[in-house]
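Student: Got a structure here, written out as structure tokens. Questions coming.
The values are calculated or read from the model by the stated rules, or taken from the named source; none is laboratory data. These numbers come from a predicted model, not from an experiment. Don't worry about glycine lacking a Cβ; one is built from the backbone with ideal geometry, like all the others, and counts go over all protein chains shown. Accessible surface areas use protein heavy atoms only, side chains included; no ligands, DNA or RNA. Shrake-Rupley method; radii C 1.70, N 1.55, O 1.52, S 1.80 Å.
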Amino acid sequence: MMTGSLQDKKIILGVTGSIAAYKSALLARLLVKSGAEVKVVMTPSAGAFITPLTFSTLTSNAVYTDLMRGDQWNSHVELGLWADLMIVAPATANSIAKMATGHVDNMLLAVYLSARCPVFIAPAMDLDMWKHPSTKRNMKLIQSDGVYYVPVEEGLLASGLTGKGRMAEPEHILHQIVNHFIQRKSLIGRKVLITAGPTREALDPVRFMTNPSTGTMGIALAECLAKRGAEVHLILGPVGEVSLSSDIAVYPVVSAEEMYHRSRSLFPQMNAGIMAAAVADFTPKKYSEHKIKKQGDELVLTLKRTKDIALDLGKMKKKDQYLVGFALETDDGKKAARQKLDKKNLDFIVLNSLSEPGAGFGRSTNKVLLMMRDGSTKDIPLKSKAKVAEDIVEQLCEVAGWKLEL
Ligand code: CTP
């Protein structure tokens with residue numbers, strides 16, 4: 001049934017030192033049978049359970065085992081760039097702990113840190129190790145870094161005990177991987193405009209006003225939508241160097257005024273807009289062509305309001321267009337967010353609370369509340385911005401009636 005479902009996909013299979021490693025041979029076989037090209041990376045202790053020869057025979061590729069071997073030393077970077085997906089199966093408690101802390105003492109961990117693709121893990125361990133607070137903590141950490149998890153299964157364990165901790169069956173792991181790729185293309189034909197990052201309002205040729213937004217949330221949304229096949233147009237304020245998938249059309253802008261004009265001209269052709277930018281609400285009334293010189297003890301600046309992009313697009317919005325906004329509040333802010341939702345004619349709003357630990361500007365994680373027009377809400381717990389982006393995209397699809405699966 002799965003034959004061909006992973007055609008041309010490049011997959012790294014990471015194998016760590018657990019008795020479940022024997023099942024990885026079957027997983028390798030299933031991946032290859034589904035059309036994927038598979039390269040296997042083993043930790044030194046995985047070699048105690050299964051041989052590289054098994055994997056090189058099954059995958060018709062060389063197996064990577066030794067970070068310090070001259071001919072393999074640089075491969076971690078190459079492999080990290082090569083893969084469309086990395087799956088570590090089995091993932092032991094030890095490897096999960098190292099992945100959580102960025103420890104690199106073997107080839108597999110070096111590949112993990114170099115991987116730009118989605119990474120999945122299928123943990124395998126005894127039930128008490130699985131239940132241990134440190135394992136729970138490490139699992140939380142790597143999931144907040146964006147790692148996907150193939151749930152452990154329940155049953156007889158190698159120790160003779162019965163419980164949770166068994167690695168998922170290879171067929172189940174394959175199923176989750178195939179699903180991941182299927183999901184990717186279900187938004188083909190949808191056009192989405194995203195504003196992201198800060199804006200910069202110049203006072204004179206050498207000074208400007210801005211805010212600490214890094215654009216991370218908007219970029220994560222752009223990547224998430226592009227991965228699913230949507231045509232993404234990203235209007236990006238000045239955030240410095242970022243590496244973005246080549247499928248995304250990026251329009252770099254500097255000021256709120258520029259962002260406004262770009263947004264207005266693009267929105268009529270779009271199916272949806274996501275306003276994730278931290279747009280300056282005020283800009284200097286007068287731009288000084290020359291550097292402002294010091295005079296006296298005070299400098300009084302007069303600022304004027306910028307145009308509200310979300311408000312404007314909300315007015316332009318047609319019946320079959322959808323608009324999502326963000327509300328950044330320093331405290332609870334539900335009331336303020338609700339007002340913004342109504343005033344800007346949004347379909348839903350993402351409430352970002354700066355008072356939440358782990359949420360806000362420049363963080364890789366976020367904790368938000370989705371507030372819908374009908375008054376319903378969805379609490380999204382603290383997780384990586386990439387995962388929060390998935391929840392927001394899912395909500396957009398629900399509101400717009402777009403099918404996320406093929
Ligand atoms: N927004 C926008 N253009 C602006 C200001 C805000 O498009 N000039 C968008 C933001 O991208 C966000 C939403 O409006 O999606 C709410 O932004 P926020 O700054 O929280 O709200 P404001 O309406 O500016 O209200 P206030 O600053 O008074 O809280």
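Student: Relative to the present Cα-Cα distance, how much length would full extension add between Asp297 and Asp128 at 0.36 nm per residue of separation? Before the final figure, lay out each step's value.
Tutor: Details: separation 169, 0.36 × 169 = 60.84 nm, distance 6.66 nm.
Answer, rounded to one decimal: 54.2 nm.
Student: Given the C-alpha centroids of the stretch 155-197 and the stretch 257-280, what is the distance between them in whole angstrom?
Tutor: Measuring centre to centre over Cα atoms gives 33 Å.
Student: Among all stretches of the chain without exposed GluC sites (Glu not before Pro) (DSSP loop, at most 14 other Cβ atoms within 10 Å), which one is longest?
Tutor: 1-240
Student: Specify the residue with the greatest mean-square fluctuation among Leu109, Leu299, Leu30, computed from a Gaussian network of the chain linking alpha-carbon atoms under 10 Å apart.
Tutor: Highest fluctuation among the options: Leu299.
Student: Just Gly333, Gly375, Gly296 to compare: in a GNM of the chain, with alpha carbon springs under 10 Å, which one fluctuates most?
Tutor: With Cα springs under 10 Å in the chain, the top fluctuation among Gly333, Gly375, Gly296 is at Gly296.
Student: Only sites in a loop by DSSP and with at most 14 other Cβ atoms within 10 Å count here; which trypsin sites (Lys or Arg not before Pro) in the stretch 291-389 make the cut? Let's see the in-between values first.
Tutor: Details: sites: Lys291, Lys293, Lys294, Lys304, Arg305, Lys307, Lys315, Lys317, Lys318, Lys319, Lys334, Lys335, Arg338, Lys340, Lys343, Lys344, Arg363, Lys367, Arg373, Lys378, Lys383, Lys385, Lys387; in loops: Lys291, Lys293, Lys294, Lys307, Lys317, Lys318, Lys319, Lys344, Arg363, Arg373.
Passing sites in the stretch 291-389 are Lys291, Lys293, Lys294, Lys318, Lys319, Arg373.
Student: Can you work out the accessible area per residue across the stretch 35-133, with the rest of the protein chains kept in place, probe 1.4 Å, in square angstrom?
Tutor: The answer is 43 Å² per residue.
Student: Give me the percent relative contact order of the stretch 10-184, please, defined on Cα pairs under 8 angstrom at least 6 residues apart.
Tutor: RCO, the stretch 10-184: 23 percent.
Student: Keeping all protein chains in the complex and leaving out DNA, RNA and ligands, what accessible area do you get for Asp342 with a 1.4 Å probe, in Å² to the nearest 10?
Tutor: Near enough 80 Å² of accessible area.
Student: Would you please classify the overall shape of the stretch 10-184 from the alpha carbon gyration tensor, given that a ≥ b ≥ c denote the square roots of the eigenvalues, rounded means a/c under 1.5, and beyond that prolate means a/b larger than b/c while oblate covers the rest?
Tutor: Note, shape of the stretch 10-184 comes out rounded.
Student: By how many degrees, between 0 and 90 and to the nearest 10, does the Cα long axis of helix 334-343 differ from the longest principal axis of the chain?
Tutor: 60
Student: Another question about this same structure. Where Lys and Arg each count +1 and Asp and Glu each count -1, what net charge lies around Leu341 among other residues with Cβ under 10 Å from its Cβ?
Tutor: Numbers: positive: Arg338, Lys340, Lys343, Lys344, Arg373; negative: Asp342, Asp347.
In short, +3.
Student: Ignoring ligands, DNA and RNA, what percent of the 1.4 Å accessible area of the stretch 301-395 is carbon and sulfur?
Tutor: 49
Student: Let me know the shape class of the stretch 135-240, please: from the alpha-carbon gyration tensor, a ≥ b ≥ c as square roots of the eigenvalues, rounded when a/c is under 1.5, otherwise prolate if a/b is greater than b/c, or oblate.
Tutor: Numbers: a/c = 6.85, a/b = 2.05, b/c = 3.34.
Oblate, because a/c is 1.5 or more while a/b does not exceed b/c.
Student: For the stretch 1-133, compute the number of Lys pairs whose alpha carbons are separated by less than 25 Å, excluding pairs fewer than 8 positions apart on the same chain.
Tutor: For the stretch 1-133, qualifying lysine pairs total 13.
Student: Given R₀ = 22 Å, FRET efficiency for Thr51-Asp71 by Cβ-Cβ distance, to 0.05?
Tutor: 0.70
Student: Then there's this: Among the trypsin sites (Lys or Arg not before Pro) in the stretch 79-165, which ones are in a DSSP loop with at most 16 other Cβ atoms within 10 Å of the Cβ? Mind listing them?
Tutor: Arg116
Student: Excluding Ala220 itself, what net charge comes from residues whose Cβ is under 12 Å from its Cβ, given Lys and Arg +1 and Asp and Glu -1?
Tutor: Here the charged neighbours net out to +2.
Student: Okay, helix-only estimate at 222 nm for the chain: each DSSP H run of n ≥ 4 adds -39500 (n - 2.57), divide by all residues, round to 500 deg cm²/dmol; what do you get?
Tutor: Result for the chain, helices only: -10000 deg cm²/dmol.
Student: So what is the accessible area of the stretch 191-400 per residue, in Å², with the probe set to 1.4 Å?
Tutor: 50
Student: Loop only by DSSP, 13 or fewer other Cβ within 10 Å of the Cβ. Give me the trypsin sites (Lys or Arg not before Pro) in the stretch 246-287 that pass, ordered by residue number.
Tutor: Lys285, Lys286
Student: Next up: Carbon-plus-sulfur fraction of the accessible area of the stretch 10-184, 1.4 Å probe, in percent?
Tutor: 56
Student: Can you report the principal axis dimensions of the stretch 191-400 using only the alpha carbons, biggest first, rounded to whole angstrom?
Tutor: 57, 35, 33
Student: What is the stretch 292-398 by shape, rounded, prolate or oblate, if you read a ≥ b ≥ c off the alpha carbon gyration tensor as root eigenvalues and call it rounded for a/c under 1.5, prolate for a/b larger than b/c, and oblate otherwise?
Tutor: Here the stretch 292-398 falls in the oblate category.
Student: Follow-up. For Lys285, give me every one of the lysines with a C-alpha distance below 17 angstrom, ignoring sequence neighbours fewer than eight places off in its own chain.
Tutor: Lys285 reaches Lys304, Lys307.
Student: Could you let me know the centre-to-centre spacing of the stretch 318-386 and the stretch 76-148, using Cα atoms, in angstrom?
Tutor: 30
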